[in-house]
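The values are calculated or read from the model by the stated rules, or taken from the named source; none is laboratory data. Just so we're clear, the structure is a prediction, and the values are computed from it rather than from any experiment. Ideal geometry is used to build each Cβ from the backbone, glycine not excepted, and the neighbour counts take in all protein chains shown.
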């Protein structure tokens, strides 16, 4: 019998799909082809099943959702084009935001966004990684309730509205910062600390979802060798989990860069380049929220769309990178599970 | 049960035979569900003890009670006494009173080597599979690790087959080779007791035979406890035999090990 994959082999001899029933009787056409008359046979194709359709209601919902998202992106991009390419007046890519002088530079806000995001990531990512390691590896039985409580608390944190973080920080953290470091208490450090809290659960859950299957695939037999769970994680899981680690950082970046309310409430909002941890700054998202309320046209209008386009591009890139990273990571951890999985009682 | 108990060798009447494993009145429960009930078991300082039983009879739980691996599973509660000879005579594995000192878990598990049903290689190279546990768990200096890796692979007859593949991922080896690598890894850690949980269950006939031959040789140097549900294998390997059923010890044979047919009949009755 000729082997499958040869150019003169009919499709009927192709390797069966995993979904095909291995016990199903061999079709007559296939039996004949096995006797050497395959060349004359038509290609076997399963008829389309009308029951497979998703339904017009579902298709319409999908079209509306996708169309809305595409329209939004198109609208922002088209509206930003004059500002981005300087056809609508002065370019917004300079350091001066003085609306009454006709200067609508958004670079201070770009720098503010980068500074605040970097601050929150620099603090939040190691914290999330450390917390994930502790939640996954704590073996002391007397600490088990604390582990469960912390894991539950982190999940609860994802449901807290951003405004609650901001409100609490205005009345608790800001006076503390003002007392300790002087100034208004509103600035990069204050907003960054609270933003760290905001992005921490998302990063932690991403890390946990990526690391846990790999670690569990090594347990308990890895422990039977004398390794602790932390040693297994450090020696065998983390070196292979680069995608998970980067994915958590990208997700944190996306959330931090896109958040509006916390910078608006806590960063001070001075349209200036970041000058220090305790100096006031303004982010792109906060700038758009503030300026939209006051400016209705002209150069300000164009610069806001440019800011929106930049923000949309940055978060979309982060989202795409995250999807790619997570897709690769899921394959990797799936393979790890398949290879390493051991039965448990 | 009667004919089995007749064969049980009383330890007290034969002091010449040194015990390496002594389990008394062992009870293990997971989340309130009792898996082992009043189990007594012992094994000699050398020799191959086989535990047979049907699925769910508690064989693996008994094995995991010896290196306290059950404690890695949620809701585990263990009662009774387990003593092992880990180089200083029989010593308690579980603290028998509040504050009683026992060996740290990491040290206990290193000294009680275990090989699992499915070949469980670490996601690193063939050599690293032995070298990393040696370095991290055993604390062997880097200068000695190369020799020890080679000795361990030679001990299981894997050196010839893997000498030129030491840097390849261990997962690229065949199932039988992976299982021998796991055995080599356990041996490299210089265990005092070796536990094997259905070590040939996932292997083809030839690989299974190679592992069985290896175990027979190792039994001259280590106390081996092998869990099996294969009557033929049990009859072939066992120097002492324990039959478990429904979480209890059903029968013990210290000599005159029954043949495969008789073991099969015992399992059927269980």
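Could you grab me the full set of residues in segment B:130-158 that are within 14 Å of chain A (Cβ to nearest Cβ) and closer than 17 Å to residue B:214 by Cβ?
Applying the first criterion (within 14 Å of chain A (Cβ to nearest Cβ)) to segment B:130-158 yields B:130-140, B:152.
Selection gives B:130, B:152.
Which is more than 17 Å from the chain's Cα centre (by Cα) and assigned to a strand (DSSP E or B), of B:209, B:252? Don't jump to the end; show me each part of the working.
Numbers: B:209 fails: assigned to a strand (DSSP E or B).
Unique residue meeting the criteria: B:252.
Among the numbered criteria (1) away from chain A (no Cβ under 14 Å); (2) in contact with a helix residue (DSSP H, G or I) (Cβ under 6 Å, 6 or more places away or on another chain), which one does residue B:242 miss?
(2)
Right, residue B:184: crowded, with 23+ Cβ neighbours inside 10 Å, within 26 Å of residue B:147 (Cα to Cα) and touching a helix residue (DSSP H, G or I) at 6+ places or on another chain (Cβ under 7 Å) or not?
Details: crowded, with 23+ Cβ neighbours inside 10 Å: yes; within 26 Å of residue B:147 (Cα to Cα): yes; touching a helix residue (DSSP H, G or I) at 6+ places or on another chain (Cβ under 7 Å): yes.
Considered against the rule, which asks whether it is crowded, with 23+ Cβ neighbours inside 10 Å, within 26 Å of residue B:147 (Cα to Cα) and touching a helix residue (DSSP H, G or I) at 6+ places or on another chain (Cβ under 7 Å), residue B:184 comes out as yes.
Anything in segment B:219-229 that is within 20 Å of residue B:175 (Cα to Cα) and buried (at least 20 other Cβ atoms within 10 Å of the Cβ)? List them, or say none. Can you show your working first?
Filtering segment B:219-229 down to residues within 20 Å of residue B:175 (Cα to Cα) leaves B:226-229.
B:226, B:227, B:228 - these are the residues of segment B:219-229 that are within 20 Å of residue B:175 (Cα to Cα) and buried (at least 20 other Cβ atoms within 10 Å of the Cβ).
Quick one: in segment B:67-98, which of the residues that are touching a residue at least 12 places away in the same chain (Cβ under 8 Å) and farther than 25 Å from residue A:219 by Cβ is nearest to the other protein chains (Cβ to nearest Cβ)?
Only one residue tops the list, namely B:87.
State which residue is modelled with the lowest pLDDT when the search covers only segment B:99-117 and only residues that are more than 14 Å from chain A (Cβ to nearest Cβ) and exposed (fewer than 14 other Cβ atoms within 10 Å of the Cβ). Give the steps one after another, and end with the answer.
Keep residues of segment B:99-117 that are more than 14 Å from chain A (Cβ to nearest Cβ), which gives B:99-102.
Those left that are additionally exposed (fewer than 14 other Cβ atoms within 10 Å of the Cβ): B:99-101.
Working: B:99: 80, B:100: 85, B:101: 89.
Among residues in segment B:99-117 that are more than 14 Å from chain A (Cβ to nearest Cβ) and exposed (fewer than 14 other Cβ atoms within 10 Å of the Cβ), the one modelled with the lowest pLDDT is B:99.
Has segment B:10-18 got any residue that is surrounded by 15 or more Cβ atoms within 10 Å (Cβ to Cβ) and under 19 Å from the mean Cα position of the chain (by Cα)?
Among the residues of segment B:10-18, not one is surrounded by 15 or more Cβ atoms within 10 Å (Cβ to Cβ) and under 19 Å from the mean Cα position of the chain (by Cα), which makes the answer no.
Residue-by-condition table, conditions (1) free of Cβ contacts under 8 Å to residues at least 40 places away in the same chain; (2) out of contact with any strand residue (DSSP E or B) (no Cβ under 8 Å at 6 or more places or on another chain); (3) farther than 30 Å from residue B:240 by Cα:
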position	(1), (2), (3)
B:100	yes, no, yes
B:111	no, no, no
B:117	no, no, no
B:132	yes, yes, yes
B:148	no, yes, yes
B:157	no, yes, no
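Given (1) at pLDDT below 90; (2) out of contact with any strand residue (DSSP E or B) (no Cβ under 9 Å at 6 or more places or on another chain), where does residue B:212 come up short, assuming only one miss?
(1)
Taking the condition of being surrounded by 21 or more Cβ atoms within 10 Å (Cβ to Cβ) and either at pLDDT below 95 or not in a helix (DSSP H, G or I) (or both), how many residues in segment A:179-195 meet it?
Result for segment A:179-195: 3.
Could you check segment B:187-209 and list, in sequence order, the residues that are more than 11 Å from every other protein chain (Cβ to nearest Cβ) and in contact with a helix residue (DSSP H, G or I) (Cβ under 6 Å, 6 or more places away or on another chain)? Give the derivation first.
Of all residues in segment B:187-209, those more than 11 Å from every other protein chain (Cβ to nearest Cβ) come to B:187, B:190, B:192-194, B:196, B:199-200, B:203-209.
Across segment B:187-209, the qualifying residues are B:187, B:192, B:199, B:200, B:203, B:207.
For segment B:48-66, what are the residues that are within 12 Å of chain A (Cβ to nearest Cβ), surrounded by 24 or more Cβ atoms within 10 Å (Cβ to Cβ) and not in a helix (DSSP H, G or I)?
Of everything in segment B:48-66, those that are within 12 Å of chain A (Cβ to nearest Cβ), surrounded by 24 or more Cβ atoms within 10 Å (Cβ to Cβ) and not in a helix (DSSP H, G or I) turn out to be B:57, B:58.
What do you reckon, is residue A:176 assigned to a helix (DSSP H, G or I) and within 21 Å of residue A:207 (Cβ to Cβ)? Spell out how you get there, then give the answer.
On the way: assigned to a helix (DSSP H, G or I): yes; within 21 Å of residue A:207 (Cβ to Cβ): no.
The answer is no for residue A:176.
How about segment A:196-270: which helices (runs of 4 or more DSSP H) wholly inside it have at least 2 residues that are buried (at least 21 other Cβ atoms within 10 Å of the Cβ), on the phi < 0 side of the Ramachandran plot and more than 14 Å from every other protein chain (Cβ to nearest Cβ)? Walk me through how you get there before you give the answer.
Values: elements: A:221-224, A:229-232, A:242-258, A:261-266.
Answer list for segment A:196-270: A:242-258, A:261-266.
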